[in-house]
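Asker: Okay, handing you the structure first.
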Amino acid sequence: LLLRWRRRRALWRKVAEAQERQELSLVRMEAAARRFREQHPSVNVVSVLSLPLPELSRKLRDGSLPLDHVFYAYVGKALQIATETNCITEFLQESETQLRRAKLMEKQGLLYGVPVSIKDSIDCQGHDSTLGFIKNLNKPAAEDSVVVQVLKRQGAIPFVKTNVPQSLISYDCKNLIFGQTRNPLLFTRTPGGSSGGEGALVGGGGSILGIGTDVGGSLRFPAAFCGICAIKPTGKRLSKRGVKAGVVGQKAVAAAVGPLAKDVESLALCLRALLSEDMFSLDSTVPPLPFNEEVYSSTKPLRIGYYETDFFTMPSPAMRRAVRETKQLLEEAGHTLVPFELTNVDYVMFNYCVRGMFSDGGSSFIRKFKGELEKGGSGLLFQLAKAPQWLKTLLSWMAKPFVPRLSSIIRSMKENTVDEVWSLHHEIEDFCHQFIAQWKKLNLDVMLCPMLGPALGIGYPAKLSVAVSYTMLYNALDFPAGVVPVTLVTDEDEEQLKGYKGYYQDWWDRALAKAFRGSVGMPVAVQCVALPWQEELCLRFMKEVETL
């Protein structure tokens, strides 16, 4: 007991030190922003912050806007949003040195002088990538991840790292070290996760461009909940070298690195910069596919599949309305909309997604929590992964008549043999080919889909792990998928929510109805999807939706 007490005390000391460093980061940001204001009192910070990224980057490159005006404007704004939402874990002090060097650069990349925020799990040399785990504190990365190296070669200035949920396997944003991040639009709401710090910072205007990751909606939830745009590319379109994963080694559900920004044009500029020779030479496993301008700038009418529900997670009234209104606007603009029938999403969720990510019965996931002070961020998944196999079998059998979805989740978390894992991977490949065949039979270019929203209350994602069906489908398929905010929750939506029952009428459906409530004025997005490797077409469709 004494040894255990001493060990826990040492862990709490590490947490306290990390929190002090976080506080010191904000003090340094405040000092830097104040020093700049005193030296340049005439700079109109509001006008700098109001510039969209394409215009800002043009002005930085042609010299009409000084680099330090932009950098310190965003340092000041980021500090304000961090104070309100608790989204920043660390100020990258070397960014000021990089700023001074950038002024002397002859070659100016596409993101020359642009301050960029980076998710905690993406390595930046000399800084921790904690994933919300105490054991990862004081283990600074030996080198920048490839995506950060490319950003720097393109002239961007990574200036802060942002908060994540413990383990990343959550769409909330809370861990014991840095605490809960709040939604900048409504502090009682989650910003989404696991790129929740990015969503809050970009959504609040404290960063013009953020880089995050997505293994089940981790870019798309924060973007949708915070009223901004994001794209999850095909898994291998951007390098994942130097990017820490929540569940290491699993191949069933594809993870991806991608950008978050206020608008689609900013996402396109970011991908233009990243899909360069720099990325292809630094990571030869990334296919050398530069950004296809012709596809992105095309104006030919699109043939668009759409659906209003996946028949697994009942959409909120605002979600359904968002798809319907977007469909109507697209039709009026001359595009063809074709109904797409989704089937067996429950099977995909349980047998491909849950079973795929936890094929070892969750043992590798559980190991990550060993020696940690808190283990509750992932809610039900952690508790189930921890249970012995005989108990999982018993619980699954007992739950089946009363809560069939719980029974299916428990059954999906059993330990698989190698043969079973190979069969599963083969089955997922078959499913992907069948989905593409259905897509091509309808001669579709892209797909319009619902996106979970509005933002749920803080704490609800841990109770609602099943509500990731709209996003996780496209990780299992490994299709590029982006989100665009299209509407706000109305009083009428709120009134209709009173009749929300859900498809299963279990505790998850009841909890989801509660989580949606009280959201008038909050943003709701739609999801735009394309076939693998067609990020430019996905962005083109997103741009069309955004414009309309």
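The values are calculated or read from the model by the stated rules, or taken from the named source; none is laboratory data. Because the structure is predicted, anything quoted here is derived from the model rather than measured. Ideal geometry is used to build each Cβ from the backbone, glycine not excepted, and the neighbour counts take in all protein chains shown. What goes into the accessible areas is simple: the full protein's heavy atoms, side chains included, and nothing from ligands, DNA or RNA. Shrake-Rupley method; radii C 1.70, N 1.55, O 1.52, S 1.80 Å.
Asker: From the backbone phi of segment 484-493, what are the Karplus-calculated ³J(HN,Hα) couplings (6.51 cos²θ - 1.76 cosθ + 1.60, θ = phi - 60°) in whole Hz, Gly and Pro given as x?
Answerer: Whole-Hz 3J(HN,Hα) from phi for segment 484-493: 9, x, 10, 7, 10, 5, 9, 4, 5, 4.
Asker: What full-extension length gain, to one decimal in nm, is calculated for T547 and Y347 as 0.36 nm per residue of separation minus the Cα-Cα distance?
Answerer: Residue separation times 0.36 nm, minus the Cα-Cα distance, leaves 68.4 nm.
Asker: Ranked from highest to lowest mean number of other Cβ atoms within 10 Å per residue, what is the order of the peptides 142-155, 196-209, 408-421?
Answerer: Highest to lowest by the protection proxy: 196-209, 142-155, 408-421.
Asker: If DNA, RNA and ligands are ignored and the probe is 1.4 Å, what is the ranking of R220, R34, R241 by accessible area, most exposed first?
Answerer: R241, R34, R220
Asker: Arrange the residues Y504, Y307 by how much accessible surface each exposes, largest first, with a 1.4 angstrom probe.
Answerer: Greatest to least solvent exposure: Y504, Y307.
Asker: May I pose another question? Using modelled backbone amide H atoms (1.01 Å from N, in-plane), which distant-in-sequence or interchain residues come within less than 5 Å of Y171's amide H?
Answerer: Hits under the 5 Å cutoff: none.
Asker: Using a simple charge model, +1 on the beta-carbon of Lys and Arg, -1 on the beta-carbon of Asp and Glu, nothing else, what dipole does segment 360-415 show about its Cα centre, in debye to the nearest 20?
Answerer: 100 debye
Asker: If you don't mind, there's one more thing I want to ask. Given the C-alpha centroids of segment 145-223 and segment 481-548, what is the distance between them in whole angstrom?
Answerer: 20 Å
Asker: Using a probe radius of 1.4 Å on heavy atoms only, what accessible surface per residue do you get for segment 1-139? Whole Å² is fine.
Answerer: Heavy-atom accessible area per residue stands at 52 Å².
Asker: Could you look at segment 431-499 and say what percent of its accessible area is carbon and sulfur, using a 1.4 Å probe and all protein chains?
Answerer: 53 percent
Asker: Percent relative contact order of the chain, based on C-alpha pairs within less than 8 angstrom and at least six residues apart?
Answerer: 15 percent
Asker: Using Cα pairs under 8 angstrom and six or more residues apart, how large is the relative contact order of segment 322-425, in percent?
Answerer: Relative contact order here is 32 percent.
Asker: Another question, if that's okay. Taking only protein heavy atoms into account and a 1.4 Å probe, give the accessible area per residue of segment 181-262 in Å².
Answerer: 21 Å²
Asker: Please report, in debye to the nearest 20, how large the charge dipole of the chain is about its Cα centre when each Lys and Arg carries +1 at its beta carbon and each Asp and Glu carries -1 there.
Answerer: For the chain, the charge dipole is close to 1860 debye.
Asker: Scanning the chain for helices, which whole DSSP H stretches are 20 Å or more long along the axis (Cα) and average -1.0 or more by Kyte-Doolittle?
Answerer: 67-85, 418-441
Asker: Moving on to the next point. Return the carbon/sulfur percentage of the accessible area of segment 1-286, one whole number, probe 1.4 Å, all protein chains in place.
Answerer: For segment 1-286, the apolar C and S fraction of the accessible surface comes to 53 percent.
Asker: If you don't mind, there's one more thing I want to ask. For segment 360-415, give the percent of accessible area contributed by carbon and sulfur heavy atoms, probe 1.4 Å, rounded to a whole number.
Answerer: 66 percent
Asker: A follow-up question, please. How high is the relative contact order of segment 150-255, given as a whole-number percent (alpha carbon pairs under 8 Å, six or more residues apart)?
Answerer: 21 percent
Asker: Roughly how many Å² is the accessible area per residue of segment 360-415, as a whole number, for a 1.4 Å probe?
Answerer: Per residue, segment 360-415 has an accessible area of 52 Å².
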